[in-house]
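The values are calculated or read from the model by the stated rules, or taken from the named source; none is laboratory data. What you see is a predicted model; the values in this text were computed from it and never measured. Cβ coordinates were reconstructed from backbone atoms using ideal geometry, including for glycine residues, and neighbour counts include every protein chain displayed. Please note that ligands, DNA and RNA were not included when accessible areas were found on the heavy atoms of the full protein model with its side chains. Shrake-Rupley method; radii C 1.70, N 1.55, O 1.52, S 1.80 Å.
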Amino acid sequence: MFLAVVTFVLWGMQAVTGAWLFIAFPRIGWKIPVGVLPVLLTAFILFGMSYTRTHSGAFTGALYYVAYTWFGLAFLAFCVSAGSVLVCWILQLLHLSARTWLGPLSLTVTAFVFALALWGGFSNPQVKRIRVTVPNAPKMTIALISDSHLGMGVSLSRFDKALQKIEDENPDAVFLLGDIFEYGPNMSAYAKRLKQLNPPLGVYGVFGNHEYYVGYDKSKTLFREAGVHLLENETAELSNGVRVAGVKDARTAHVTAQDVTNLILQTETQKPLIFLSHTPIYAEEAAAAGADLMFSGHTHNGQIFPFKYLVKLQFPRVYGLYEVDRMKFYITSGMFYWGIPLRFLAPSEIPVIEVNK
């Protein structure tokens, strides 16, 4: 059923784009842009997505980027084309002819959007500093790593450059918020580089949904080799007295609101507490139980606008710093991307949280 839905959506997006091209430029005919190309390109994308999950090598890497990139570009082309069709219909209702100029304009807009999305995807994440005040907490700097989706889609070289930026910030602690490794070769090499992070208060992390998708045991091996203290519905205390509580992925591992409440209530309430959850839910329960800070990822801030508005249908908070009662809650857009190596109006980031500074 999932494959059928994905196939229909892929074909439908490209068919709409082809239909708009035929409307705007009728001389090209409809058979190739509406009939042939959507079918062939859909088959190519599906083949690329499937093949790259079971093979490795230079050809596989190139196929990954071409197939997934076209998936994202097809979505953006659909958005521009659908908007153009809507504008064309409105102008026709007003008895205005727009075909002669709207077609070329839509191609210009599409090219501009493509360029921005490609630039956003292949650019390295930038450090974003967020200052928060937490009563009774010591001064500290925290770096967050979330949704890096390492492996086939993100090279070790790119990951190394991102970690260098974290090391330049000299954080006191580093927190991993899940969806760290996706699939592909050299998992141990990524873990080895991650282990080189040596903040004085340690590296702690939680699983995201993709840790379960790629294999629970495999994901635990990555965290262990990287020297990450994995928190699975557990708490730990940093050497500066701050408590850290982390849960399994709420949706995948079926963590309930009561689980979150019980976990936080079992800690020493007089000490500051940081709550880590990959999926940005249960903020109200965490705040009510006594958490001072909460960090989440998962949403990618939509990754490719306007997909953000579909994400908002699932989560009331998608990106940025929020205040829930007295608790500060930051949701990051993630270090890189999932699958589609594009970012449009939703840049990746490396959040550096400055507490009481």
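Annotations
- So residue 59, is it open to solvent by 30 Å² or more (accessible area, probe 1.4 Å), modelled with pLDDT of 95 or more and within 26 Å of residue 337 (Cβ to Cβ): no
- Test: residue in the stretch 210-229 that is more than 29 Å from residue 61 (Cα to Cα), without any contact (Cβ under 8 Å) to a residue 24 or more places away in the chain and of a type outside the set (Lys, Arg): no
- Subset of the stretch 348-357 [within 14 Å of the chain's Cα centre (by Cα) and not in a strand (DSSP E or B)]: 348
- Residue 24 meets the conditions (1) touching a residue at least 60 places away in the same chain (Cβ under 8 Å); (2) on the phi > 0 side of the Ramachandran plot in every case but one. The failed one is (2).
- The one condition from (1) modelled with pLDDT of 95 or more; (2) in contact with a Leu (Cβ under 6 Å, 6 or more places away or on another chain) that residue 296 does not meet is (2).
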